[in-house]
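Just below is one structure, and these are the notes that go with it.
The values are calculated or read from the model by the stated rules, or taken from the named source; none is laboratory data. What you are looking at is a predicted structure, and each value in this text was computed from that prediction instead of being measured. Every residue, glycine among them, receives a Cβ derived from its backbone with ideal geometry; neighbour counts consider all protein chains shown. All accessible areas refer to the heavy atoms of the entire protein, side chains included, with ligands and DNA or RNA removed. Shrake-Rupley method; radii C 1.70, N 1.55, O 1.52, S 1.80 Å.
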Amino acid sequence: MDSFNSALKILKMGAKHLNLSNGLLQHLSTAQRSIKLSFPLKKDSGDLEIIKGYRVQHNNVLGPYKGGLRFHQQVDMDEVKLLAFLMMIKNAVVDIPFGGGKGGLEIDPKKYSEKELERMTRQFTRELLPNIGPKLDVPAPDVNTNSKIMDWIADEYIKNLKTNNLSKLKAVVTGKSVENGGSLGREQATGLGGFFVLEKLVGKLKMKKPLTVALQGFGNVGSNMASILHDNGYKIVAVSDVKGGIYDSSFKGFNIDLVKECRLEKGFLAGCYCIGSVCDLAKKYDQGIISNEELLELPVDILIPAALENVITAGNATKIKAKLIFEMANGPTTPQADKILGSRKILVFPDVCANAGGVTVSYFEWLQNMTNQKWSLQKVNQKLKEKMEKAFANIWQISQDKKVSLRLASYILALKRLIKKTKF
Ligand code: NAD
């Protein structure tokens with residue numbers, strides 16, 4: 001709840017810059033609908049287990065609610081509330097016609113078989129049936145969810161609606177497999193979108209390549225970002241996942257293909273889940289092992305948190321040595337840490353723009369489904385580049401003009417778009 005209130009404080013600061021009425025501020029601060037549900041899962045053993053699920057629909061002034069579904073043991077109403085709010089800001093920042101939503105199941109996916117995961121995903125979809133839809137609320141992948149899970153949701157949704165307009169109905173969820181109506185480029189979109197923004201940012205900051213990077217999290221976002229940065233002249237000197245990290249103390253930078261090779265060897269849950277484990281790579285390729293905490297404090301040019309929220313805190317912000325923190329995870333920096341980093345002149349580029357590439361290509365996927373089109377990868381990536389660079393340019397300009405942090409500038413940009421569309 002603390003993180004949510006802190007995000008609201010930034011919104012309030014943005015509102016002050018725009019002379020927003022208190023009523024309007026309250027409206028944008030309050031979730032329109034919070035759904036908490038529980039349902040029984042029949043386990044492979046025949047036993048029943050009660051599963052808890054959440055979906056928060058924060059605001060739909062710009063369009064249907066939009067945001068990921070997370071399967072993680074830490075998922076709860078407070079977390080989902082914050083993430084749904086951040087989705088409202090993010091979608092407004094990149095100027096796509098979606099509102100803010102988020103959801104998830106409070107489970108550790110590693111503890112279930114693939115069949116059990118499919119049954120619980122399908123049941124969750126049936127429970128959410130009246131509250132999701134292509135023009136109502138469009139979920140997407142997030143931590144521990146992927147295209148296979150999105151395909152199950154689309155399939156279950158369509159089955160239960162019993163209609164033939166398949167292409168449009170598939171737009172109930174994005175991040176599907178390409179064979180099932182997904183967009184080309186969605187898998188890499190969050191990492192690629194982040195890369196487009198990072199390139200502009202290092203240009204503005206006149207940081208010269210090769211730049212060293214430490215990256216926390218090696219799932220969809222982290223592993224794709226690592227490859228793209230590696231291919232574009234950045235040196236990835238540390239990577240980690242939930243089990244710990246590896247560090248190239250020679251600072252030459254990892255061969256990311258080797259890291260991925262190992263990740264594939266170690267993939268588990270039928271290659272469907274958490275194939276981000278690089279924990280044994282160190283032994284095999286003779287690199288140093290470090291903890292996730294140590295990774296954050298490495299002397300690198302750029303630190304990229306790409307796992308979970310609240311990892312950069314008042315406790316470690318004084319020890320961070322990176323010159324730039326680029327937030328690919330949602331909410332990785334606590335407000336207290338943000339202040340400390342600001343006073344130490346360590347620049348933080350905010351999540352609401354850095355990782356918006358995923359939802360941007362989700363929007364392209366939705367659009368393709370709704371209009372029965374198939375875009376080429378080149379078209380998807382070109383349009384993604386344009387959206388991300390435009391958002392960056394706007395944020396940078398506001399930050400310079402108003403002499404505010406890049407985070408506050410992002411909120412001001414989002415607020416301007418939200419106010420324009422809000423009608424009573
Ligand atoms: P993922 O499940 O594919 O990967 C998560 C990674 O984080 C894994 O490597 C996992 O081992 C690691 N991890 C989990 N707990 C950790 C811990 N306590 N310490 C260190 N590492 C840990 O998830 P993802 O889709 O890559 O999402 C990562 C972050 O990016 C999340 O904050 C998510 O909300 C955000 N995000 C994702 C997308 C997307 O398109 N997938 C878009 C925008 C933002």
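Does segment 364-376 contain any residue that is within 12 Å of the ligand (Cβ to nearest atom), at pLDDT 95 or above, in contact with a Lys or Arg (Cβ under 8 Å, 6 or more places away or on another chain) and over 22 Å from Lys235 (Cα atoms)? Explain how you work it out, then say what you get.
So in segment 364-376, the residues within 12 Å of the ligand (Cβ to nearest atom) come out as 365.
Next, from what is left, pick out any that are at pLDDT 95 or above: 365.
Next, from what is left, pick out any that are in contact with a Lys or Arg (Cβ under 8 Å, 6 or more places away or on another chain): 365.
Pick out the ones that are also over 22 Å from Lys235 (Cα atoms) and you get 365.
Looking for residues that are within 12 Å of the ligand (Cβ to nearest atom), at pLDDT 95 or above, in contact with a Lys or Arg (Cβ under 8 Å, 6 or more places away or on another chain) and over 22 Å from Lys235 (Cα atoms), one finds at least one in segment 364-376, hence yes.
For the subset of segment 299-311 comprising residues that are among the aliphatic types (A, V, I, L, M) and either within 12 Å of the ligand (Cβ to nearest atom) or open to solvent by 30 Å² or more (accessible area, probe 1.4 Å) (or both), which member is farthest from the chain's Cα centre (by Cα)? Before the answer, list the steps.
Initially, segment 299-311 is screened for residues among the aliphatic types (A, V, I, L, M), giving 300, 302-304, 306-308, 311.
Those left that are additionally either within 12 Å of the ligand (Cβ to nearest atom) or open to solvent by 30 Å² or more (accessible area, probe 1.4 Å) (or both): 304, 306-308, 311.
Values: Ile304: 13, Ala306: 8, Ala307: 9, Leu308: 9, Val311: 15 Å.
Checked segment 299-311; the qualifying residue farthest from the chain's Cα centre (by Cα) is Val311.
Yes or no, residue by residue, for (1) within 16 Å of the ligand (Cβ to nearest atom); (2) of a type in the set (D, E, K, R):
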residue	(1), (2)
Lys9	no, yes
Lys43	no, yes
Gly68	yes, no
Asp78	yes, yes
Gly101	yes, no
Lys111	yes, yes
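Can you tell me which residue in segment 210-227 is farthest from the ligand (Cβ to nearest atom), limited to those that are among the hydroxyl-bearing types (Ser, Thr, Tyr) and touching a helix residue (DSSP H, G or I) at 6+ places or on another chain (Cβ under 9 Å)?
Step one: of segment 210-227, the residues among the hydroxyl-bearing types (Ser, Thr, Tyr) are 212, 223, 227.
When the remaining residues are screened for being touching a helix residue (DSSP H, G or I) at 6+ places or on another chain (Cβ under 9 Å), the result is 223, 227.
Details: Ser223: 7, Ser227: 13 Å.
Here the answer is Ser227.
Please determine, by comparing only the residues of segment 283-319 that are β-branched (Val, Ile, Thr) and farther than 18 Å from Ser343 by Cα, which one is modelled with the lowest pLDDT. Residue satisfying both the conditions and the ranking: Ile289. Taken as a whole, the condition of being within 12 Å of the ligand (Cβ to nearest atom), open to solvent by less than 20 Å² (accessible area, probe 1.4 Å) and not polar (S, T, N, Q) applies to Leu296.
Scanning segment 333-361 for residues that are open to solvent by less than 10 Å² (accessible area, probe 1.4 Å) and free of Cβ contacts under 8 Å to residues at least 40 places away in the same chain returns Ala337, Leu341.
All of Ile340, Ile395 fail the test of being touching a Ser or Thr at 6+ places or on another chain (Cβ under 7 Å), within 19 Å of Leu11 (Cβ to Cβ) and away from the ligand (no atom under 16 Å from the Cβ), apart from Ile395.
Can you say whether Ile325 is open to solvent by less than 30 Å² (accessible area, probe 1.4 Å), in a strand (DSSP E or B) and in contact with a Pro (Cβ under 8 Å, 6 or more places away or on another chain), as far as the supplied structure shows? Yes: the conditions hold for Ile325.
Yes/no matrix, rows are residues, columns are (1) out of contact with any Leu (no Cβ under 6 Å at 6 or more places or on another chain); (2) among the basic types (Lys, Arg); (3) surrounded by fewer than 17 Cβ atoms within 10 Å (Cβ to Cβ):
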residue	(1), (2), (3)
Glu365	yes, no, no
Asn369	yes, no, no
Lys374	yes, yes, yes
Leu377	no, no, yes
Gln382	yes, no, yes
Lys385	yes, yes, no
Lys390	yes, yes, yes
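Starting from residues that are more than 14 Å from the ligand (Cβ to nearest atom) and of a type in the set (Val, Ile, Thr), keep the ones in segment 343-363 and report whichever is farthest from Gly193 (Cα to Cα). In this case the residue turns out to be Ile346. Looking at segment 1-110, the strands (runs of 3 or more DSSP E) lying wholly inside it that each contain 2 or more residues that are open to solvent by 50 Å² or more (accessible area, probe 1.4 Å) and of a type in the set (Lys, Arg) sit at 33-42.
Look at segment 232-245: where a residue is under 12 Å from Pro210 (Cα atoms) and away from the ligand (no atom under 12 Å from the Cβ) and a partner is part of a strand (DSSP E or B) and of a type in the set (Phe, Trp, Tyr), sitting 6+ places away or on another chain with Cβ atoms under 9 Å, you get Val237/Tyr247. Could you grab me the full set of residues in segment 352-388 that are touching a helix residue (DSSP H, G or I) at 6+ places or on another chain (Cβ under 7 Å) and over 14 Å from Lys90 (Cα atoms)? Phe364, Glu365, Asn369, Met370, Asn372, Lys374, Trp375, Val380, Asn381, Lys383, Leu384, Lys385, listed by residue number.
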